[in-house]
Amino acid sequence: MDRDLVATPPLAPTTPTANLHDLMMAQVRDLYAAEKDTVQVLTELARAASNPQLAYLFRLHGSETREHILRLKRVLDGQETRPTPLRNRGKRGLLEDCIELASDQTLEPSVRDAALIAVAQHLEHDEIASYESVCTWAGVLGLHDMAGQLALSMADERRAESRLKRLGESMQARSQRIHTTT
Ligand SMILES: [Fe+2]
């Protein structure tokens, strides 16, 4: 495990989670902070990608993520909740992994592209899980407009993950064909 992560002191609880609404808004705050960081991370991933289609997918999802940030800000404002810095260790770790990989010059380009896809898929899976929880809780609390808005972002995350998965599979299939014919 990374020494810096081990050395990170325990974080204070993100918020008092006295009830489901508090728990949901803690998750929304972390999602908002993480999506803001994700925009920058996606720019780095696009820069690091060798495959132009992969770079395009990262840029495309960067645009979608900017929309997600606006939606989350509207939710925070609507619930009179202030944003906070990202405190979720899992999300922070995933974002750090992306940055580390994007700056790694030691990998062969096609291998790095495969690794970039894998780490970005991890990021998307985490976002999907967070949006699923928030949407479920908003529905339970009768906040149907909020649930509907965040479900739009969740659908984008699912599409982004699926696009990465399909591109990764086609890149691997192509490189396998090249290897078997040489
Ligand atoms: Fe995403």
Inset, instruction - Go ahead and run the numbers for FRET between Arg166 and Ala18, Cβ-Cβ distance against an R0 of 45 Å, rounding to 0.05. - result: 0.55
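Less than 14 Å Cβ to Cβ from Glu161, Lys/Arg counted +1 and Asp/Glu -1: what total charge do the surrounding residues give? Show your work: numbers first, answer last.
Values: positive: Arg158, Arg159, Arg163, Lys165, Arg166; negative: Glu64, Glu124, Asp126, Glu127, Glu132, Asp156, Glu157, Glu169.
Every neighbour counted, the sum reads -3.
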Legend entry - Cα-based Rg and Dmax for segment 18-181, where Dmax is the largest Cα-Cα distance (Å): 17.1, 62
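Sorted from fewest to most neighbouring beta carbons within 10 Å, what does the list Arg112, Arg29 look like?
By the 10 Å Cβ count, ascending, the order reads Arg112, Arg29.
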Inset, instruction - Apply the Karplus parameterisation 6.51 cos²θ - 1.76 cosθ + 1.60, with θ equal to phi minus 60°, to every residue of segment 70-76 and state each ³J(HN,Hα) to the nearest whole Hz, in sequence, with x for glycine and proline. - result: 5, 4, 5, 5, 4, 5, 4
Legend entry - Length added when fully stretched, Arg89-Ala115, from 0.36 nm per residue minus Cα-Cα: 7.2 nm
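Suppose every Lys and Arg Cβ carries +1 and every Asp and Glu Cβ carries -1, with no other charges. What dipole size does the chain come out with about its Cα centre, to the nearest 20 debye? Show your work: numbers first, answer last.
On the way: 22 positive and 26 negative charges, 62 e Å.
Dipole of the chain, to the nearest 20 debye: 300 debye.
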Legend entry - Phi-based couplings in Hz for segment 113-128 (Karplus 6.51, -1.76, 1.60; Gly and Pro marked x): 4, 4, 5, 5, 4, 4, 5, 5, 5, 4, 4, 5, 4, 5, 5, 4
Inset, instruction - Calculate the length of the line joining the C-alpha centroid of segment 61-108 to that of segment 162-182, in whole Å. - result: 29
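Got a sec? How would Met25, Met171 order by Cβ neighbour count within 10 Å, fewest to most?
On the way: Met25 21, Met171 17.
In increasing order of surrounding Cβ atoms, one gets Met171, Met25.
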Inset, instruction - Could you line up Val41, Val111 from fewest to most neighbouring Cβ atoms inside 10 Å? - result: Val111, Val41
Legend entry - For Ser50, residues with placed amide H under 5 Å, excluding near neighbours: Asp113
Inset, instruction - Working from Cα positions, state the angle (0 to 90°, nearest 10) between the long axis of helix 144-181 and the longest principal axis of the chain. - result: 10
Inset, instruction - Only Cα pairs under 8 Å and at least 6 apart count here; give the relative contact order of the chain as a rounded whole percent. - result: 24
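Read the figures in this text as sums done on the coordinates, not as results from a lab. Please read all numbers here as calculations on a predicted model, not as lab measurements. Glycine gets a Cβ as well: all are built from the backbone with ideal geometry, and neighbour counts include every protein chain shown.
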